[in-house]
Structures are given as structure tokens and as C-alpha cells.
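Q: Here it is: the structure, laid out below.
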Amino acid sequence: MPFEHAFLSHVGCWRNENQDSFLQAPEQNVFAVADGMGGLAEGSAASRLACKAFGYQLDHNPHNLMMYFQYAHELVLKMAKQRGFRPNEVGTTGVVLQLDPLRRTASVCWCGDSRLYHFKTTAGRLEQVTIDHSYVQRLVDLGQITPEQALHHSDRNIITHAIGIGPAEGLKVGTRRRAVEEGDVLILCTDGLNNEVSFEQMEYLCQEYCGAPQELVEQLVAAALSGGGHDNVTVGVIKVGFEEN
């Protein structure tokens, strides 16, 4: 297989239920995480349903990541209505990564504040690829607060776009595509990681453990728990490798 990968999800130190979900489809080079919102059982159901929708699209519309999210959005809206919830009470964030071994690229689509990071192994540097759909990110974009202030802002958990939130049509998602090289590491995570672990600590752990996805994912989750573990935390690590033709 061209990609080594490892995923780990933990309930955290303060929560009673894990509302995070993840998808691993290495045969199709697709990986995803989702972070549910809207109460314990409902948030868990929303994130699981989103990942189920992502998996369904692998067989029906595999190369249009935006359609992964639109389908998930429709399913979560339907589930919430069937369970008697009012609009905007149940939702989930999500991020989907698709790797193209032939073009040596990584495509990502996201909604909310679940993230993708790219560790460039040759340079030893970490980069955040996704941009949060959140209130504090909007303040940063407007120049009203700094990225450092955003880390400790009281409203940092307010999400502006999410699967299952808003009208059935016109879900807003972010998309990006970038080149990847042999040995690079891609990290998918819910905000339970980056809310507890600094960018500098994440970069250091990548430098130390980039050759071992399982060890790196364990180290990242352990760091989140040591940082307080106030939320569920889910991390996926994919190490890029290419099969020789």
C-alpha cells in the first residue's frame, strides 16, 4: 500500500461520550474525521452519519469531495428532523482527505474547524492547510485579533459553517489541493487536539516521530490529554509513500 496510516480517538478527560468519528478507506486513498455537535447522543449520531455518508460517496461519486459533504449535510438534516429537533440544533464538523498517487497530490475538503496539517519532512516544517470556519477565525481575518489571541478567545468554539446546520442547499465548504512528496506526513484532527496542543509542540512531535505514524498519533493524543483533555480528541496520521511502477 502506498500510504502508512494510523488513527486514534479518545473521549478526553472530562466528557462522558465520544462525539468524534473517523473514516479510513486506504484502498481508495480517502481518510476523514468528524466532530459532532448538539448534545451527547445527537452529536455522536451526526458525526457517525457524516462518516457513513463519506463512505457511501466513495462508491458513488468518489472524486467530488464537495458532494461528500452535501450528501452528509442532507442526511444529518433529515436525521435531526426525524428525531424532532429544531433547525440548527444538531450538526457536525468534518474534513476529508483524498490522495492521488499518480499526480502526487492531496485534496482536502472541510466544513467547520476539523483540520488538516501537512508536515513537510524534508524541511522539517508543519503547516496548517485548512482554515477554520469559526467566529474567532473571522475576527483574525478582519484583523481584530491576532492568531495568538484566538487560541484563548472565549468564543473560539463558535462554528460558522457545519454539516447539518443551515438550509439543505448551499452548504459552504473549503477546498484545497497541494503537492505531496515521499515521506511527508498529513494529519487530520478534531479541535480536541489543536485546542490543547500548541502548533510548536505539534511540529516538534512531527519532527521526532514522522517516520512512525502509529507512534506519532499516540504521542499527539497523549499531548492533548496532558494539555487538559477538555474535549474528545481524534487524530489521523498518513505518511505519504509511492509505489514504484
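Q: Send over a whole-number figure in Å² for the accessible area per residue of the chain, probe 1.4 Å.
A: On a per-residue basis, the chain sits at 48 Å².
Q: What is the magnitude of the charge dipole of the stretch 124-209 about its Cα centre, with +1 placed on the Cβ of each Lys and Arg, -1 on the Cβ of each Asp and Glu, and no other charges, expressed in debye to the nearest 20?
A: Numbers: 7 positive and 14 negative charges, 84 e Å.
Roughly 400 debye for the stretch 124-209.
Q: If each DSSP helix of 4+ residues adds -39,500 (n - 2.57) and the sum is divided by the residues in the chain, what number results at 222 nm, nearest 500 deg cm²/dmol?
A: Here the helix-only value at 222 nm equals -10000 deg cm²/dmol.
Q: Taking the Cα-to-Cβ direction at Thr146 and at Trp14 and moving 7 Å from each Cα, how far apart do the two end points lie in nm?
A: Once both label points are built, they end up 2.5 nm from each other.
Q: Using the Cα centre of the stretch 47-116 as origin and beta-carbon charges of +1 (Lys, Arg) and -1 (Asp, Glu), tell me which of Thr105, Leu49, Gln70 is placed farthest towards the positive end of the dipole.
A: The residue sitting most towards the positive pole is Leu49.
Q: Here's a follow-up. Where the only charges are on Cβ atoms (+1 Lys, Arg; -1 Asp, Glu), what is the dipole of the chain about its Cα centre, to the nearest 20 debye?
A: Values: 19 positive and 30 negative charges, 165 e Å.
Computed charge dipole of the chain: roughly 800 debye.
Q: Label points 7 Å out from Cα along the Cβ direction at Glu89 and Gln128: separation in nm?
A: 3.2 nm
Q: Is the C-alpha gyration tensor of the stretch 98-245 telling us rounded, prolate or oblate? Criteria: a/c under 1.5 is rounded; beyond that, a/b larger than b/c is prolate, otherwise oblate.
A: Numbers: a/c = 1.90, a/b = 1.28, b/c = 1.48.
Note, shape of the stretch 98-245 comes out oblate.
Q: Could you let me know the centre-to-centre spacing of the stretch 19-94 and the stretch 133-189, using Cα atoms, in angstrom?
A: 17 Å
Q: Give the residue from Met79, Leu151, Ser21 lying farthest towards the positive end of the charge dipole for the chain; charges sit on Cβ (+1 for Lys and Arg, -1 for Asp and Glu) and the dipole is referred to the Cα centre.
A: Going by the charge dipole, the pick is Met79.
Q: Just want the answer: with Cβ charges of +1 for Lys and Arg and -1 for Asp and Glu, which residue in Val173, Val217, Gln207 is farthest toward the dipole's positive end in the stretch 163-245?
A: Most positive-ward Cα: Val173.
Q: So, one more: Could you tell me the largest-minus-smallest coordinate of the C-alpha atoms of the stretch 45-180 on each of the three principal axes, in descending order and whole angstroms?
A: 50, 42, 22
Q: I want to check a number: in the chain, how many lysine pairs have alpha carbons closer than 21 Å, given a sequence separation of 8 or more or different chains?
A: 6
Q: Tell me the relative contact order for the chain as a rounded percent, counting alpha carbon contacts under 8 Å between residues six or more apart.
A: 27 percent
Q: So how strong a dipole does the stretch 1-107 carry about its Cα centre when Lys and Arg Cβ are +1 and Asp and Glu Cβ are -1, to the nearest 20 debye?
A: Value, rounded to 20: 260 debye.
Q: Here's a follow-up. Would you check the accessible area of Met66, probe 1.4 Å, heavy atoms only, in square angstrom rounded to 10?
A: Near enough 110 Å² of accessible area.
Q: Which order do peptides 111-119, 77-85 fall in by mean Cβ count within 10 Å, highest first?
A: Working: 111-119: 25.9, 77-85: 14.4.
With the highest mean Cβ count within 10 Å placed first, the list reads 111-119, 77-85.
Q: Oh, and also: For the stretch 83-96, in order, what is each residue's ³J(HN,Hα) by Karplus, 6.51 cos²θ - 1.76 cosθ + 1.60 with θ = phi - 60°, in whole Hz (x at glycine and Pro)?
A: 8, x, 8, 6, x, 6, 8, 10, x, 7, 7, x, 9, 10
Q: Could I ask something else about it? How much of Ile131 can a 1.4 Å solvent probe reach, expressed as accessible area in Å² and rounded to 10?
A: Accessible area, nearest 10 Å²: 70 Å².
Q: Here's a follow-up. Tally Lys and Arg at +1 and Asp and Glu at -1 over the other residues with C-beta under 13 Å from the C-beta of Met79: what net charge comes out?
A: +2
The values are calculated or read from the model by the stated rules, or taken from the named source; none is laboratory data. Here the structure is a predicted model, which means the values were calculated and not measured. Here Cβ is always computed from backbone atoms with ideal geometry, including for glycine, and neighbour counts include all displayed protein chains. Accessible surface is based on the protein model in full, side chains and every heavy atom, while ligands, DNA and RNA are left aside. Shrake-Rupley method; radii C 1.70, N 1.55, O 1.52, S 1.80 Å.
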